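Each remark here refers to the structure printed beneath this line.
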Amino acid sequence: IRIHSGDAAGGRQDLQVAATVEPQRAILRSYLGKAFANARDNKHAQKEFALAQKLDANDPTVWLYSALLNEQENKVNDAVRDLEKSQSLNDNRKVYRSQLLLDQDRAVRGANLANIYRDAGMTDTGVREAVQAVNSDYANYSSHQFLADNYFNLQEQSGVNLRYETAFQTEYLVANLLAPVGAGTLSPQVSQQEYSKLFERDRVGVSSDTKYLSHGDWYQKAVEYGNVGNTAFAFEQDYSKTHGYRPNSDLEDTLYDFKLKQQLTAKDSVFVEVELRETSGGNTAQYYDQGRAASLPFRFTEKQQPLVVAGLHHEWSPGVDTLFLFSRLADDYAVNNPLQTADVIARDFPGGPISQFLPFFTTMNYRSKLEVYSGEVQQIWQTHRFTTIAGARWQQGTFETRNHQELSPLSFDLSDFLPPVLADQDVSADFERGNVYAYEQWQPHDAIRFIGGVSYDRSVIPENFRLAPVNGNSQAHYHLLPKAGVIWTPLRDTTLRAGYSESVGGASFDQSFQLEPSQVAGFNQAFRSLIPESVAGANAGALFTVYGISLEQKLPTHTYLALEGSLLKSKVSRQVGAYEFDSTGGPFIDTFEERYDFTEWNLAASAHQLIGRDWAMGATYRFSRARLQDSFPGVPAAAVLDPNFSVYTDSRGTLHTVDLKVIYQNPLGLFAQAGAVWTHQENGGDSAALAGDDFWQVNLFAGWRFFHRHAELTAGVLNLTGQDYRLNPLNLHQETPRDRTFFTQFKFQF
């Protein structure tokens with residue numbers, strides 16, 4: 001009570017009296033050690049932790065506290081070892097706690113262990129630890145929080161490729177709904193320091209992260225946060241301005257995000273988020289040929305003002321939780337493109353087959369506004385051997401599209417039969433989506449867990465609101481989507497995972513605000529898209545199929561090995577706008593079908609080694625083979641008048657990467673990292689004309705972490721040798737600097 005009310009010194013005195021009266025109780029020594037750690041008295045904290053370890057060799061609590069203190073002291077390798085010791089001792093707590101609470105302890109340790117793995121440069125291992133934590137105790141907020149952070153780090157910085165957006169948003173929303181007030185989940189920029197309810201207290205704080213690159217890019221993140229009584233809040237301000245590495249590839253993004261968490265009763269809490277965002281820029285997509293990209297001069301602006309999310313959490317009993325989520329999603333997207341491609345088609349009679357097809361250039365002013373309301377309820381039941389997750393979601397809204405197209409001067413040869421103003425449209429299309437789902441986890445034995453699930457999805461999606469000229473029609477889709485997975489741990493440090501899932505995408509970013517589980521046995525199933533947007537643009541109602549298998553092994557030498565394979569598939573059928581002529585005249589606005597069939601094979605192998613107290617090394621190999629079949633089934637090849645247009649393409653790309661790194665971290669606060677990334681790509685099929693590439697990029701940085709990590713200063717150089725490259729965007733990859741780039745970064749948190 002004293003510590004909670006702000007009297008930390010008085011609280012420590014009470015703990016010292018308790019430990020003196022009952023000197024053989026290890027748990028009191030553990031709490032006293034943590035109290036000393038909070039007072040920045042690390043010497044006495046470590047002394048109490050050592051005593052607790054001697055008093056009860058089977059209690060994992062002190063190892064957990066010691067690990068987190070070691071992380072704050074920049075002893076990352078020691079932190080990993082202590083947390084693994086805590087994990088290995090976890091089953092010895094059965095005489096003290098029920099199986100359910102034991103599983104909660106395991107999930108908390110998994111989340112913290114994953115954070116420390118990230119500090120050691122083992123982010124892929126961190127993802128696996130977070131996945132294990134989520135499956136161990138789905139109702140534990142901390143594991144969802146870390147999984148969200150990892151999905152966020154996997155996103156492509158330009159915001160073009162959105163493969164991981166849905167998974168990030170889903171895990172982040174679940175974490176915030178499940179977390180108690182004061183848990184520190186409201187802002188991903190704030191690392192949680194309070195890891196025991198005994199030391200919760202009212203406080204306010206501020207965090208800042210500033211990064212500048214010599215290329216002229218600037219990133220600034222700030223957050224003011226705190227909790228007072230039963231209320232917690234966080235106010236984020238993000239600003240970034242990037243210039244890109246070619247003309248018209250700049251991007252400017254401004255975000256204001258306010259989050260509030262209110263504890264209504266001991267069992268009920270409410271979460272509210274209001275977000276304002278404005279983004280503007282040019283052509284930021286990835287291209288093989290940077291010169292061609294520079295000749296595409298469109299500009300865009302996007303506003304989300306405001307986006308509102310509200311949630312309610314009711315805990316019936318430990319492991320039995322009900323979640324409610326309500327949202328109002330609003331987006332205003334505008335594009336000005338003086339070289340927008342459109343198509344003119346001819347039919348011998350209305351509704352007949354296409355007899356002539358010709359792409360041409362237009363000048364386009366386009367604006368799309370969406371407003372979608374969404375509601376979802378989810379129920380979680382956890383028992384000794386079973387976890388059931390069931391829910392239902394309903395979304396409804398409208399897409400309003402304004403499209404003005406004129407004939408481009410580059411297509412003057414068509415002016416004899418195409419008018420100067422091709423379209424001046426203002427249309428509205430309805431959107432509806434209903435979804436019910438159920439997942440079951442069964443653990444018949446401590447070493448194995450089976451996962452099964454099914455989702456039924458009905459959606460009414462606008463037929464064509466993106467590919468001008470547009471229309472106001474909507475199409476209905478129905479899907480029954482099975483899921484299955486298994487997690488087997490035959491030995492304490494050996495884990496085998498396998499998963500299968502089918503899922504479906506939404507119309508836009510409506511897909512990214514949901515509570516349905518984002519993964520099956522650790523394999524992501526929640527996608528905004530699978531086909532890289534740089535190749536196919538944005539699509540609606542895409543089908544996703546995921547097969548995955550993973551083998552993970554830890555060795556007593558603090559060696560971490562992993563081998564993971566996956567097969568990802570996506571199919572999309574969309575309508576493309578066109579200007580039609582037939583026997584009755586024209587041009588009329590019409591559509592024709594385009595189909596995408598995408599397949600991606602992935603293989604990843606990694607090895608990481610902790611060396612002594614200060615060193616860590618890692619190597620990761622990734623293989624990705626992508627194939628995209630793009631067809632226009634209603635367009636006969638003989639009807640195409642442009643020799644550069646094909647009614648069927650089969651593009652293939654194979655990408656190999658090797659990521660090597662060495663990390664040094666000293667308890668005094670000094671840290672440094674040297675990394676080298678080898679990339680090799682080969683193209684085939686209709687992409688065979690694109691020459692492959694083979695190159696290395698070297699990255700170096702060093703910095704200083706101040707006491708208890710309240711501040712951190714980093715400086716380094718990316719792409720040391722200034723190596724440029726050409727990569728086919730068919731293989732999903734992060735855009736890296738194209739010349740030597742220096743950067744500096746300063747973070748602080750109080």
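The values are calculated or read from the model by the stated rules, or taken from the named source; none is laboratory data. What you see is a predicted model, and the numbers here were worked out from it, not measured in a lab. In this analysis, Cβ positions are derived from the backbone assuming ideal geometry, glycine residues included, and neighbour counts consider all displayed protein chains. SASA here: full protein model, heavy atoms, side chains in, ligands and nucleic acids out. Shrake-Rupley method; radii C 1.70, N 1.55, O 1.52, S 1.80 Å.
3J(HN,Hα) along the range 118-123: 5, 4, 7, x, 10, 5 Hz, from the Karplus curve 6.51 cos²θ - 1.76 cosθ + 1.60 with θ = phi - 60°, whole Hz, x for Gly and Pro.
Positive end of the dipole of the chain, charges at C-beta (+1 Lys, Arg; -1 Asp, Glu), about the Cα centre: which of 736, 126, 304 has its Cα farthest in that direction? Of the candidates, 126 comes out farthest on the positive side. For the chain, the mean residue ellipticity at 222 nm estimated from helices alone is -5500 deg cm²/dmol, where every DSSP H run of n ≥ 4 contributes -39500 (n - 2.57) and the total is divided by all residues, rounded to the nearest 500. Projecting the Cα positions of 499, 57, 632 onto the charge dipole of the chain (unit charges on Cβ atoms of Lys, Arg, Asp and Glu, taken about the Cα centre) puts 57 furthest along the positive direction.
Expressed as a fraction of 2.2 N^0.38 Å, the C-alpha radius of gyration for the chain is 1.01. Please work out the FRET efficiency for the pair residue 491 and residue 40, using the Cβ-Cβ distance as r and a Förster radius of 45 Å; give the result to the nearest 0.05. E between residue 491 and residue 40, to the nearest 0.05, is 0.65. The charge dipole of the chain, taken about its Cα centre with unit charges on the Cβ atoms of Lys, Arg (+1), Asp and Glu (-1) only, comes to about 2840 debye. Taking 0.36 nm per residue of sequence separation and subtracting the Cα-Cα distance, how much length would be gained by fully extending the chain between residue 203 and residue 744, in nm to one decimal? That works out to 191.7 nm of additional length. FRET efficiency for the pair residue 211 and residue 708, taken as 1/(1 + (r/R0)^6) with r the Cβ-Cβ distance and R0 = 25 Å, rounds to 0.70.
The residues of the range 594-750 expose on average 47 square angstrom of accessible surface per residue, using a 1.4 Å probe on protein heavy atoms.
Between helix 61-72 and the chain there is an angle of about 60 degrees, using the helix long axis and the longest principal axis of the Cα atoms.
Sequence-ordered 3J(HN,Hα) estimates for the range 230-247 from the Karplus curve with 6.51, -1.76 and 1.60 and θ = phi - 60° stand at 9, 10, 10, 8, 8, 10, 9, 10, 10, 9, 9, 9, 10, 9, x, 10, 8, x Hz, glycine and proline given as x. Between residue 484 and residue 301, the modelled labels are 5.2 nm apart [label points 7 Å from Cα along Cα→Cβ]. Using Cβ point charges alone (K and R +1, D and E -1), the dipole size of the range 514-621 about the Cα centre works out to roughly 540 debye.
What net charge do the residues around residue 19 carry, taking every other residue with its C-beta under 11 Å from that of residue 19, with Lys and Arg at +1 and Asp and Glu at -1? Neighbourhood net charge equals 0. Net charge dipole, the range 369-453: roughly 740 debye, given to the nearest 20, about the Cα centre with Cβ charges of +1 for Lys and Arg and -1 for Asp and Glu.
Over the range 553-712, the ratio between the Cα radius of gyration and 2.2 N^0.38 Å evaluates to 1.67. Each Lys or Arg adds one and each Asp or Glu takes one away; over the other residues whose Cβ falls under 15 Å from the Cβ of residue 601, this sums to +1. Between the helical axis of 42-55 and the dominant principal axis of the chain, each derived from Cα atoms, what acute angle in degrees is found, rounded to the nearest 10? Value to nearest ten degrees: 70.
Over 19 Å apart at the Cα level, from the set 211/241; 43/75; 34/54; 261/747, are 261/747.
Note on residue 267 and residue 428: with the Förster distance fixed at 35 Å, the Cβ-Cβ geometry gives a FRET efficiency of about 0.20. Summing Lys, Arg as +1 and Asp, Glu as -1, what charge do residues with Cβ under 13 Å from the Cβ of residue 222 carry, residue 222 excluded? Combined, the nearby Lys, Arg, Asp and Glu give -2. Distance between Cα centroids, the range 239-278 to the range 705-725: provide it in whole Å. Spelled out, the Cα-based centre of one part sits 25 Å from the other. Per atom type, the range 607-750 shows carbon and sulfur on 62% of its accessible surface, probed at 1.4 Å. For the range 539-615, the extents of the C-alpha atoms along the principal axes are 81, 26, 15 Å, listed from largest to smallest. Taking the charge dipole of the chain about its Cα centre, with +1 at Lys and Arg Cβ atoms and -1 at Asp and Glu Cβ atoms, the residue from 603, 418, 316 reaching farthest to the positive side is 316. Summed over the residues of the range 275-391 and divided among them, the accessible surface reaches 42 Å² per residue at a probe radius of 1.4 Å. Within the range 620-750, the proportion of C-alpha pairs whose separation exceeds 26 Å stands at 47%. Modelled this way, with points 7 Å down the Cα-to-C-beta line, the labels at residue 222 and residue 392 are 4.6 nm from one another.
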